[in-house]
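The values are calculated or read from the model by the stated rules, or taken from the named source; none is laboratory data. Quick caveat: nothing in here was measured; it's all calculated off a predicted structure. We place every Cβ from the backbone using ideal geometry, glycine too, and count neighbours over all the protein chains shown. All accessible areas refer to the heavy atoms of the entire protein, side chains included, with ligands and DNA or RNA removed. Shrake-Rupley method; radii C 1.70, N 1.55, O 1.52, S 1.80 Å.
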Amino acid sequence: MADQQKADDSLYPIAVLIDELKNEDIQLRLNSIKKLSTIALALGEERTRTELVPFLTETIYDEDEVLLALAEQLGTFTHLVGGPDYAMYLIPPLESLATVEETVVRDKAVESLRNVAAQHSAHDLEVHVIPTLQRLVSGEWFTSRTSACGLFSVCYPRVPASVKAELRNLFRQLCQDETPMVRRAAAGKLGEFAKVVEVEFLKSDLIPMFVQLAQDDQDSVRLLAVEACVSIAQLLQQEDVETLVMPTLRQCASDSSWRVRYVVAEKFVDLQKAVGPEITKTDLVPAFQYLLKDTEAEVRASAATKVKDFCANLDPTNREQIIMTSILPYIKELVSDANQHVKSALASVIMGLSPIFGRQNTIEHLLPLFLTQLTDEWPEVRLNIISTLDCINDVIGIQQLSQSLLPAIVELAEDSKWRVRLAIIEYMPLLAGQLGQDYFNQKLRDLCFNWLNDHVYAIREAATLNMKKIVQTFGTQWAETNIIPQILVMYKNNNYLHRMTCLFCINALADVVGADVIKRLFLPTIKTLAADPVANVRFNVAKTLSKVSPFLDQATTESEIKPILEQLNTDSDVDVKYFAAEAISTIAASA
C-alpha cells in the first residue's frame, strides 16, 4: 500500500503537467511550461530524461507562445537531465521545434540547440548533433532547412576533417536551395560560419558561395551577403581581399536595389576597418561618393550618418587631402539636399568633423555649412546642429563661435518649434560660462527671461533649471544684481502661470543662493503669494516653503514659515490644505 502511495506521489507532477497542458486557457498552459524546471527537479534526472522529455516531444502541438516558452526552457535543461553526458536527450524536442512554421519559435529552438550542442563532448556531437543537422538540411519543408543554417558554426570546429568537408558541402547545398528563405538564412549565417572555417577552405569553398549569394536574384539575399562581407574581409590578407572580395563589394555598392545599397552604407565603416587603409583609398572612397549622391534618400541619409566615422578612420598620412578633395564637395551638396531626413542625418554628425578638420579648415569650410543648417527650414536639422555645438567650440574657441554662430543661436532661441527652444536652453549654461558675465548680460540674459514666460510648460520648467545653472556659474552676488529682481517682479503678473513660475525659480535657486538671500529677498515674495486668489499658486507656496525651510535657521522657520503654513492649513481649498499639512509634517520631521 505504501509502495502504491509512493508511486502515485511520483507520478503526480507529470499528471498535473498533463492536465495543465490540456487546459483550454493558454495562460495556464504557458505557466505550466514555465514551471518545467521545477517539475524536472521533482522528478529527478533519470525520470526527466525517460518520461518528461519524451512526453514533451510527443505531445506538444500548441500555440506559438507556448512553443516559444518551451524552446527557451529546453535550452537551459542540460543540468536537469544529468549534465553534458546526457544532453543528447534534449535534441529530439528541440529538433521538432526547429521545424515549426513560426519564425520566432524556430529561432529560439536553434538558439537552444546551439547551447545544448556546445555542451556535448566532441564524440557525442558527432554521434547525436551532426545527424540532427543532416536531417534538418534534407528536410522536406523549408523551415527545417532554414534552421539548419544556424548550427554549422557551432558544430564545425569540433568535428574531424571528413565531417568538416561534408558540412561545407551541406552549407553549399543550402546556399543553392531553390527556396529564397533558405538562401536568405544561409546568407545570414555565412559570416558566422566563415569565422570557424580554415582560411584555405574559406577561399576555396565559402567565397564562391558568398559571390553567388551576392548575385542572387532576391535582394533580401544579396543584402545579407553584404553583412557576411565584413566578416570575410576581416579574415583575409589585404591582397586576397582585393582579388576575392572587392569585385563583389563594388557590385553591391552599385546594386540595382536600394535596399542592398542601404546595407552597404550602413556597414560602410565596418567594411572600411576590415579592408584597411590602402583599399579604402582606392576603392571605398569612390564607393562612398556614390552612396552620398545615391538616387534614394534612405541611402544618402545612411551614408551621411557615417561621414564623421569614415573620415576619422582614414589613414592620417593622407586624411586631409582625401577629405578636402573627395569628401567635402559631397558634404556641401548634402547640406542643401532636397530631403529633410538626409539633411537631419548629416546635421547629427557634421559638427563632429571639426576635430578632424582642425581649426583653420573648420572656420573656412565647415562654419558656413553649420550656419546654413542652423537656419534650415526643418526643425530637426536645426536641433541636431545645436545638440552638438560643443564639438566645434573645442576646436575654434568661443570667440569665433560667438561671432559666427551666436546670431543664429539667438534667433533659434525664439524658434516656433518648442523642442528647438528647449535644446538652446540646455546649451545656454555652457555658453554663458564660456562667454563670460558681460557678454551674457548684453546678449543672452533677456532671452533667458523670455523663456520663463514661454507658453509651453516644458520650456518654463527648463528655463528655471537654466537660471539655477547660470547662478552656479556666475555666483550669488551677480544673481542678486542681474536676475533675482527680475524674477521676483513676476509675482505681480496678471497671469497666474507666471506667478507660479516665480515660485518655481525660487525653488530652483534656493539650492544655490544661500540663507541670506532666501530670508531677505525670497520670503517676502512667498508671503505675498500665500494670499494669492488662485489655489494652484497657494499650494505651490506650501511646496516652496517646504523646499526652502532646510536652508533657514530654526528661529526663522518658527517666526516666518510656520505662521504662513498654519494659515494655508485652514484654506478653503482641499489641495492647499493637503500640501500645507504635508509641508508642516516635513518640517517637523526634519527639526
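Within the chain, the whole DSSP H helices whose Cα atoms reach 18 Å or more along their own axis and whose mean Kyte-Doolittle score is at least -1.0 are 2-21, 103-119, 161-175, 180-194, 219-235, 418-435, 457-474, 496-513, 535-548, 574-590. With 10 Å bins beginning at zero, the pair-distance distribution over Cα atoms of region 459-591 amounts to 13, 45, 34, 7, 0 %.
Taking 19 Å as the straight-line reach from the Cα of Lys468, the aspartates and glutamates in range (excluding those fewer than 8 positions away in the same chain) are Glu426, Asp438, Asp446, Asp454, Glu480, Asp511, Asp516. Note on Rg/Rh (Cα atoms, Kirkwood Rh): of the candidates (1) 1.00; (2) 1.14; (3) 1.05, the value calculated from this structure sits at (2). The packing ranking of peptides 480-486, 152-158, highest mean first, is 152-158, 480-486, where packing means the average number of other beta carbon atoms within 10 angstrom of each residue.
Strictly over 24 Å apart at the Cα level, which of Lys443/Lys519; Lys417/Lys492; Lys281/Lys332; Lys108/Lys267; Lys343/Lys443; Lys273/Lys293 would you flag in this model? Working shown, then result.
Working: Lys443/Lys519 31 Å; Lys417/Lys492 29 Å; Lys281/Lys332 21 Å; Lys108/Lys267 26 Å; Lys343/Lys443 29 Å; Lys273/Lys293 22 Å.
From Lys443/Lys519; Lys417/Lys492; Lys281/Lys332; Lys108/Lys267; Lys343/Lys443; Lys273/Lys293, over 24 Å: Lys443/Lys519; Lys417/Lys492; Lys108/Lys267; Lys343/Lys443.
Take region 174-302 with all the other protein chains still there, run a 1.4 Å probe, and you get 41 Å² of accessible area per residue. Helical content of the chain, expressed as a calculated mean residue ellipticity at 222 nm, amounts to -19500 deg cm²/dmol (DSSP H runs of 4 or more residues, -39,500 (n - 2.57) each, divided by residue number, nearest 500).
Using a ≥ b ≥ c from the Cα gyration tensor of region 112-216 (square roots of the eigenvalues), is it rounded, prolate or oblate, where a/c under 1.5 gives rounded and otherwise the larger of a/b and b/c decides, a/b for prolate?
Numbers: a/c = 1.94, a/b = 1.25, b/c = 1.55.
Since a/c reaches 1.5 but b/c is at least a/b, the shape of region 112-216 is classed as oblate.
The spacing between region 137-176 and region 423-483, judged by their C-alpha centroids, is 65 Å.
Split the accessible area of the chain by element, probe 1.4 Å, and carbon with sulfur accounts for 50%. A straight Cα-to-Cα reach below 16 Å connects Lys203 with the aspartates and glutamates Glu192, Glu239, Asp240, Glu242, residues fewer than 8 places away in its own chain not being considered. If you find the alpha carbon centre of region 317-380 and of region 88-124, how far apart are they in angstrom? One Cα centre to the other: 50 Å. Average accessible surface for region 437-584: 45 Å² per residue, computed with a 1.4 Å probe over protein heavy atoms with every protein chain in place. Classify region 278-382 from the C-alpha gyration tensor, please: rounded if a/c falls under 1.5, else prolate or oblate depending on whether a/b exceeds b/c. Cα axes put region 278-382 in the oblate bin.
The residues Ser302, Ser348, sorted by heavy-atom accessible surface at 1.4 Å with ligands and nucleic acids left out, run Ser348, Ser302 from largest to smallest.
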